[in-house]
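The values are calculated or read from the model by the stated rules, or taken from the named source; none is laboratory data. Everything numeric here is computed off the predicted structure, so don't read it as measured data. Glycine also receives a Cβ, built like all others from the backbone with ideal geometry; neighbour counts cover every protein chain displayed.
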Amino acid sequence: MSTITRFAPSPTGRLHVGNIRTALHNWMLAKRHGGAFILRIDDTDAERSREEYVEAIRADLAWLGLDWDREERQSARLTRYEAAFTALRDAGRIYPCYESAQELEVKRKIALGRGLPPIYDRASLKLTEAERAAKEAEGIAPHWRFLLDHAEPITWDDGIRGAQKFDAAQLSDPVIRRADGSWLYMMPSAVDDIDMGITQVLRGEDHVSNTAVQIQIFTALYAADFAAAQNAAKLLPAFAHEALLVGREGKLSKRLGSLGCDAFRERGIEPEAIIALLARLGTSQPVEPIADRAALIESFDLASFGRAPAKFDEEDLERLNAAIVHQLPFASVEERLPSGMDEAGWHAIRPNLAHVAEAGEWWRLVTGPIDQPEFTAEDRAYLAEAAVALQWSEDPWGALTGSLKESTGRKGRGLFLPLRQALTGMDHGPDMGELLPLIGEVEARARLGRAAA
Ligand code: GLU
């Protein structure tokens, strides 16, 4: 059976770094096993879902290079949810409820006040037929809850957290449908996972108790013979829940919730840096500037994920970004480079960059004009000698410094620094052996001459 994973964002906002991590891990899991990765838009909440967010989600995933094999949308699957609802209701696993939001809130407060967990008391389940009819005659439209089975503990072997056990009696029967007929997250998600043959559900640990509920929904649907053709075996997916992502200070930070692809792009962070960091963060594997996705996919292993919150540090991301930029091939950055900058130019300048956008500043050292510092009389004489000694070859820098070393007896800083300053106007920067051929013979001689004057 091949692996099928899904990333199921609700299009009620932009993706943030936590969502990106979930998407990445599901993508990697599918790739690791030669399976399929589904982008599923969880848009049952018509009021909060926006088409612009659907488009932004697609654009962000595309920018990150996380390609999906198929796209599904919950809003296109409403008849399927209706069928599941009917099947569960006929099986006695869904019941109508009449409490208002205020009444539920009062019940919650009373329970909490008594030191009890705020679990729904199933008052509506106990209503007689006549009492229900009376509520409806009053014009109260019911919302609907799924009836949890309290008999057996709910267990699963979590791919990250290990053996899990939940007592259903400690959970509220979840509301799965609102009074206006619209759907809440819980049941459609399970129906989709069945219909789409999802083999692995990998998501954040904030969904652990949802999984307990959804396992019962799966089981109830299967008992009611509700299975899609591609899932005739009535399998439950394997579940795994990742520890949450926290900020550097170890807390769930507001900042992470608003940090997304736009912010990364504006700061010149490469998708490969984000991928390299998020692929390994929170695992026992080292975070390294690995630009080769195949290598990251190859090493992806749920067993290496830890239970402790994963700390996202923006400084780590910057460091990783620089190391990734130093590896980027010309073809992948060509369009973002200043005009005229060729492959040799990129290779010369790339080691100096923290961000690709800085290439222009360094390229100006080649194209000029440059600002030279004031030189001492002694250095001016030295540079005059250099202008004469300059000879063009495969390696003009090696030849120039070799001959000047011999003729002047200078070495180290005294040999190199005035030349670098005269040729680039800077006292640090790209390797001169690579830079000098790019500056060219005529310009180089002119710069040395000007500095000597
Ligand atoms: N739409 C849900 C969310 O964004 C999906 C959760 C899931 O993976 O099932 O939290």
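For E249, the criteria (1) more than 16 Å from the ligand (Cβ to nearest atom); (2) surrounded by 17 or more Cβ atoms within 10 Å (Cβ to Cβ); (3) modelled with pLDDT under 95; (4) within 30 Å of L353 (Cβ to Cβ) hold in every case but one, which is (2).
Scanning the range 7-36 for residues that are over 23 Å from L256 (Cβ atoms) and either within 13 Å of the ligand (Cβ to nearest atom) or part of a helix (DSSP H, G or I) (or both) returns A30, K31, R32. Restricting the first member to the range 259-284 and to residues that are at pLDDT below 95, and the second to residues that are part of a helix (DSSP H, G or I), the beta-carbon pairs closer than 6 Å and six or more apart or on different chains are L259/V17. Among residues of the range 315-333 that are surrounded by fewer than 15 Cβ atoms within 10 Å (Cβ to Cβ), those with a Cβ under 8 angstrom from a residue that is assigned to a helix (DSSP H, G or I), sequence gap 6+ or separate chain, pair up as H326/R350; H326/P351.
Please find, within the range 162-181, the residue that is surrounded by the most Cβ atoms within 10 Å (Cβ to Cβ) out of those that are in contact (Cβ under 8 Å) with a residue 24 or more places away in the chain, assigned to a loop (DSSP other than H, G, I, E, B) and of a type outside the set (A, V, I, L, M, F, W, C). Among residues in the range 162-181 that are in contact (Cβ under 8 Å) with a residue 24 or more places away in the chain, assigned to a loop (DSSP other than H, G, I, E, B) and of a type outside the set (A, V, I, L, M, F, W, C), the one surrounded by the most Cβ atoms within 10 Å (Cβ to Cβ) is D173.
Among the candidates I275, I269, the residue that is β-branched (V, I, T) and assigned to a loop (DSSP other than H, G, I, E, B) is uniquely I269.
Residues that are surrounded by fewer than 18 Cβ atoms within 10 Å (Cβ to Cβ) and either among the charged types (D, E, K, R) or in contact (Cβ under 8 Å) with a residue 40 or more places away in the chain (or both) number at least 3 in the following helices (runs of 4 or more DSSP H) confined to the range 356-453: 377-389, 441-452.
Each row is one residue, and each column tells you yes or no for (1) among the small types (G, A, S); (2) closer than 25 Å to R48 by Cβ.
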| residue | (1), (2) |
| --- | --- |
| R73 | no, yes |
| D90 | no, no |
| R93 | no, no |
| K135 | no, no |
| W144 | no, yes |
| G159 | yes, no |
| A163 | yes, no |
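Of all the listed residues (V208, V213, V191), the sole one being touching a residue at least 12 places away in the same chain (Cβ under 8 Å), among the β-branched types (V, I, T), out of contact with any strand residue (DSSP E or B) (no Cβ under 8 Å at 6 or more places or on another chain) and more than 11 Å from the ligand (Cβ to nearest atom) is V191.
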